[in-house]
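Every number here is computed from the coordinates shown, using simple stated rules; none is lab data. Only a predicted model underlies this, so the values are computations on that prediction, with no experimental measurement involved. Cβ: placed from backbone, ideal geometry, glycine included. Neighbour counts: every protein chain shown.
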Amino acid sequence: MRTRIKRLLELDRSQGRKVRSKDPEEGNFAFFSEEAPGTGVDISFSEYEAFALINGLRLMNHGWPQSFAVSILRHVRRDLEREHGRILRQRPEGPFYRQVMLARARPGGLAVDNTDPVFVTIASKAPRVDQGDAAPFAAVCRGEDVGKFSRDLGASSVTLFEVATVAHRLHQELLKTEPRHRGRA
């Protein structure tokens with residue numbers, strides 16, 4: 001797993017970024033907020049960046065290559081980071097009430113383990129011609145917005161990764177940790 005994480009980080013850095021670009025894949029890093037400080041410097045990762053790495057690994061676990069995972073997470077960075085912050089402002093137990101989830105369950109509906117699901121949604125069809133080249137092939141969608149994204153894009157199918165539960169679980173685990181520096185203490 002360390003090797004897979006290291007390769008994701010190296011690929012993200014090696015692609016660089018163009019801060020003024022309107023293309024989110026060119027203007028954002030997937031796993032870093034800033035340019036590299038140089039060699040021999042400890043790099044601290046924010047909670048969001050750790051969350052993005054977990055989602056990069058999840059994409060790869062579904063058979064997609066590292067370059068695809070980096071591309072998707074660069075593309076959705078702004079929206080995913082905003083949703084990550086919103087998710088963590090909720091009370092941890094708030095979105096997970098079993099009775100509410102059961103009451104909201106509908107035949108044919110998405111099965112999730114929280115009451116306010118957020119999805120990284122990936123369309124598996126190219127954008128429609130009338131939308132031009134800028135039409136997104138991935139988006140961050142809350143709940144029922146998945147269907148609207150799919151219809152608007154004209155996608156024949158989409159792949160969903162629910163991320164709200166992952167964000168809360170990671171947050172709880174990070175509360176149990178302390179930063180560790182390289183080298184000798």
### Message
Going by amide H atoms built from the backbone, whose H comes under 5 Å of the H on residue 138, apart from near neighbours?
### Response
123
### Task
Work out the FRET efficiency for residue 177 and residue 18 from their Cβ-Cβ distance, taking R0 = 35 Å, and round it to the nearest 0.05.
0.55
### Query
Once amide H atoms are built 1.01 Å from N in the peptide plane, which residues 5 or more positions from residue 31, or in another chain, come under 5 Å H to H?
none
### Query
Once phi is turned into ³J(HN,Hα) by the Karplus curve 6.51 cos²θ - 1.76 cosθ + 1.60 with θ = phi - 60°, what whole-Hz value does each residue of the range 160-173 show in order, with x for glycine and proline?
10, 10, 6, 10, 5, 5, 4, 4, 5, 5, 4, 4, 4, 5
### Summary
Whole-Hz Karplus couplings 3J(HN,Hα) for the range 66-73, θ = phi - 60° and coefficients 6.51, -1.76, 1.60, Gly and Pro as x, run 4, 4, 5, 4, 5, 4, 4, 6
### Query
Which whole-Hz ³J(HN,Hα) couplings does the range 46-58 yield from phi under the Karplus relation 6.51 cos²θ - 1.76 cosθ + 1.60, θ = phi - 60°, glycine and proline marked x?
6, 4, 4, 5, 5, 4, 4, 4, 4, 5, x, 5, 4
